[in-house]
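Notes follow once the structure below has been shown.
The values are calculated or read from the model by the stated rules, or taken from the named source; none is laboratory data. Just so it is clear, the model here is predicted, and its values are computed rather than measured. Quick reminder, even Gly has a Cβ in these numbers, built from the backbone with ideal geometry, and neighbours come from all protein chains shown. Heads up: the accessible areas ignore ligands, DNA and RNA and are worked out on the full protein's heavy atoms, side chains in. Shrake-Rupley method; radii C 1.70, N 1.55, O 1.52, S 1.80 Å.
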Amino acid sequence: MRILEAATLDLSALIRPGQSIVCTQACGEPLTLMEALAAQRHALTGCSVFVGASFAPTFQPEHADALSFSSFGALGANRRLAKACVLGIIPCHVAAIGPYIAQGTLPCDVLLIQLAPPDANGRYSLGATADYGRAAAQHANLVIAEINHQAPITAGEYLEAADIDIAIETSRPLPQVPSATPTPTDLAIARHAAEYIADGTTLQMGIGATPDAILRLLANHKNLGIHSGMISDAVMHLVQSGIVTNTEKPIDTGVTVTGALIGTQELYHFAHRNPRIALKSAVHTHGESTLSQFENLVTINSAIEVDLTGQINAEQIGDDYLGAVGGQSDFVRAAHRSPKGHAIIALPATAKSGTATRIVPRLTTGVTTPRTETDIIVTEYGAAELRGQTLKERAKRMIGIAAPRFREQLERETHNLLARGY
C-alpha cells in the first residue's frame, strides 16, 4: 500500500482515460476521492463511474461532459443525475452487484473506497457501508482507498493492507441522514403495520419517516432482531433500550446485522467498535441462503404504486425515475416464505397532495416485485392481506385500503376484472 497526500492527489497518474470506476456508496462514499475525480475529469475523459446510493451532491450533471455515470437506481443525490438524463440505470438487485463485478458483467478497473483507520490487528474496516465493497476490492485492478479517521471501525467486513494499492488519509464527517418527522399519515400506516410484528421477530426495513414511525411503536416488544440492508438511528434507539436483543435469531445471534449505516453522527459513534453491530456484504444481508434460515422474518419496504392485483412498482413514475429495485424483491420473497413471517409494503394511499391515487388499476411502468411474492399492502386506511387470495378478492381488498375518494373510480376501472374474476 502506497500512501499519497490527499491535497496533491493526481488521479491521472493512476487512472487511464476510458477505464471503469466503481465507488462505494451511501454514507460510506469516498468523498475526497470522488471530489478529485470530478475536479480532474477532463484528464480522465471517457471513464465510466458506477455509483450506488448517494447522500452527498458530489457528482453533478455537468460532470457528464467527461464522465459517464451509472447506478442501480436514482436514490438520494443520484436523482439529480437521473433527472438530467445523464445516469444510466442498471435494474438489478443490490446483492447482484458484487457477483456482477466478480463475473466482469459490471467492469471494475478501479475501485474508490472509504475505509476506517486500521484496528488493533491492522485490518481496515469498511466503516459505514459494506455492501459490495470487499467484492469489488477483490476483483479491481487498482484499489484506491480513502482512510477516513472519522469513519467508524465496525465489525464484519474489512480489508488487509495488501488489498489496497493506493491510499490517502482524511478526517471529515460522514454524510448524515437524520430521521424525518412522521406525518399523521406515517403514524396511521405505522399503527397498521406494527400489528404484524410479534415478540422475537427478526426485522428488515428501509429508511424514512414511515419505517421509523413503525419502529417507534415497538417500545413494548421483547427480543426483536435486526437483519437488514440498512439501519437508521431508530434501530439504534431500540438496541439501546433493550427492545432489540437479537437473541432469537438462528444466525448472527446477539448481533444486529446490516449492510449500511444511514443516519446521524450518533449512529456512527454507536457502531464504532461495537461488537453488537456487524456490517456484512449484500450477499449475506440479502442472500437467499441466509434469509431462508429465519422462521419469523418481517420485512417492511415501500413503493411508488401498487396495482389492484398486488404488483409493485418501486422505481419509476411517468418519466421520472425515483427509486431502485434495491433489495425489495429479495426481502419480500424471503419474508413471504418465512413460516411465521410477513412481507409488508407500506405506502401512503395518495400522492400529489391527495390528487392522485397510489393504488392503481394497472402500473404506469415496470414491475419491481411481482404479485406472486406480494403479501401485505398497508396504507393509512388499513392492511390488505393478499397472500393466497384470488385476483378478484385481491382487487376488492386493495380498493378497501385506497383513499375513499378514489374507490368508486377504481371499481369502475376494474369492472371487467371484478366481473370475470381475473
Surface accessible to a 1.4 Å probe, per residue, for the residues of the chain, Å² = 39
ask   = Mind checking which lysines have their C-alpha under 27 Å from residue 352, skipping anything on the same chain fewer than 8 residues away?
value = 83, 396
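Using 0.36 nm per residue, how much length does the chain from residue 355 to residue 292 gain when fully extended, once their Cα-Cα distance is taken away? Please list the in-between numbers first.
Details: separation 63, 0.36 × 63 = 22.68 nm, distance 4.04 nm.
Working it through step by step, the gained length comes to 18.6 nm.
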Cross-link partners of residue 280 among lysines (Cα-Cα below 25 Å; sequence separation of 8 or more within a chain) = 222, 249, 340
task = Using a Gaussian network model of the chain whose springs link C-alpha atoms within less than 10 Å, name the residue from 264, 154, 24 with the highest mean-square fluctuation.
result = 264
request  = Take every Cα pair under 8 Å in the chain that's 6+ residues apart, average their separations, divide by the length, and report that relative contact order as a whole percent.
outcome  = 14
request  = Go through segment 373-386 residue by residue and turn each phi into a ³J(HN,Hα) via Karplus (6.51, -1.76, 1.60, θ = phi - 60°); whole Hz please, and just put x for glycine and proline.
outcome  = 9, 6, 10, 10, 10, 10, 10, 5, 9, x, 10, 10, 8, 9
Distance in nm between pseudo-label sites at residue 39 and residue 408 (7 Å out along the Cβ direction from Cα) = 6.2
query = Taking the Cβ of residue 294 as the center, what net charge do the other residues with Cβ under 12 Å away carry, scoring Lys and Arg +1 and Asp and Glu -1?
reply = -1
remark   = A 1.4 Å probe over the protein heavy atoms gives segment 326-418 a carbon and sulfur accessible-area percentage of 47
note = For the chain, percent of DSSP beta bridges that are antiparallel (nearest 5) comes out at 25
ask   = Over segment 241-394, what is the percentage of antiparallel beta bridges among all DSSP beta bridges, to the nearest 5?
value = 50
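Rank these residues by their accessible area, most exposed first, probe 1.4 Å: 29, 195.
If we order 29, 195 from most to least accessible, we get 195, 29.
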task = Give, rounded to the nearest 20 debye, the magnitude of the charge dipole that segment 237-323 has about its Cα centre when Lys and Arg contribute +1 at Cβ and Asp and Glu contribute -1 at Cβ.
result = 660
note = 1/(1 + (r/R0)^6) with r = Cβ-Cβ of residue 102 and residue 187, R0 = 35 Å, i.e. FRET efficiency to nearest 0.05, evaluates to 0.20
request  = Starting from the Kirkwood radius over alpha-carbon pairs of segment 1-124, derive D by Stokes-Einstein at 10 °C in a medium of 1.306 mPa s and give it in µm² s⁻¹.
outcome  = 105
request  = Could you sort 109-116, 335-342 so that the peptide with the highest average Cβ count within 10 Å comes first and the rest follow in order?
outcome  = 109-116, 335-342
Calculated SAXS-style log₁₀ I(q)/I(0) at q = 0.06, 0.07, 0.08, 0.13 Å⁻¹ - the chain, Debye, Cα scatterers = -0.25, -0.34, -0.44, -1.10
message = I want to verify a result. In a Gaussian network model of the chain, Cα cutoff 10 Å, which of these has the top mean-square fluctuation: 302, 70, 12?
response = 12
note = Restricting to aspartates and glutamates and to Cα separations under 15 Å from residue 392, and discarding same-chain partners fewer than 8 apart, the set is 307, 411, 413
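Please compute the Kirkwood hydrodynamic radius of segment 206-328 from all pairs of different C-alpha atoms, in Å with one decimal.
Values: mean 1/r = 0.0640 Å⁻¹.
Final number for the Kirkwood radius of segment 206-328 is 15.6 Å.
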remark   = Residues whose built amide H sits under 5 Å from the amide H of residue 274, excluding neighbours closer than 5 in sequence, are 155
key: Rule-of-thumb Rg ratio for segment 297-422 [Cα; 2.2 N^0.38 Å; N residues]   = 0.98
note = Highest mean packing first, using Cβ neighbours within 10 angstrom, the peptides 14-20, 414-420, 284-290 sort as 284-290, 14-20, 414-420
remark   = Per the 1/(1 + (r/R0)^6) rule, R0 = 25 Å and r from the Cβ atoms of residue 109 and residue 7, FRET efficiency to 0.05 is 0.50
message = Rounded, prolate or oblate for segment 75-146? Axes are the square roots of the Cα gyration tensor eigenvalues, ordered a ≥ b ≥ c, and the cut-off for rounded is a/c under 1.5.
response = prolate
query = Helix-derived [θ] at 222 nm for the chain: sum -39500 (n - 2.57) over DSSP H runs of at least 4, divide by residue count, nearest 500?
reply = -7000 deg cm²/dmol
ask   = Quick one: Cα centre-to-centre distance for segment 112-186 and segment 361-377, in angstrom?
value = 34
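Expressed as a whole percentage, what fraction of the accessible surface of segment 1-69 belongs to carbon and sulfur atoms when a 1.4 Å probe is rolled over the protein heavy atoms?
Taking all protein chains in place, segment 1-69 shows 51 percent carbon and sulfur surface.
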task = Go through segment 133-141 residue by residue and turn each phi into a ³J(HN,Hα) via Karplus (6.51, -1.76, 1.60, θ = phi - 60°); whole Hz please, and just put x for glycine and proline.
result = x, 5, 4, 5, 5, 6, 10, 6, 6
note = Cα-Cα pairs in segment 289-350 separated by more than 15 Å, as a whole percent of all pairs, come to 53
message = Just to check I understand the Karplus step: with θ = phi - 60° and J = 6.51 cos²θ - 1.76 cosθ + 1.60, what whole-Hz values come out for segment 61-76, glycine and proline as x?
response = x, 5, 6, 6, 6, 10, 10, 10, 10, 9, 7, 7, x, 10, 8, x
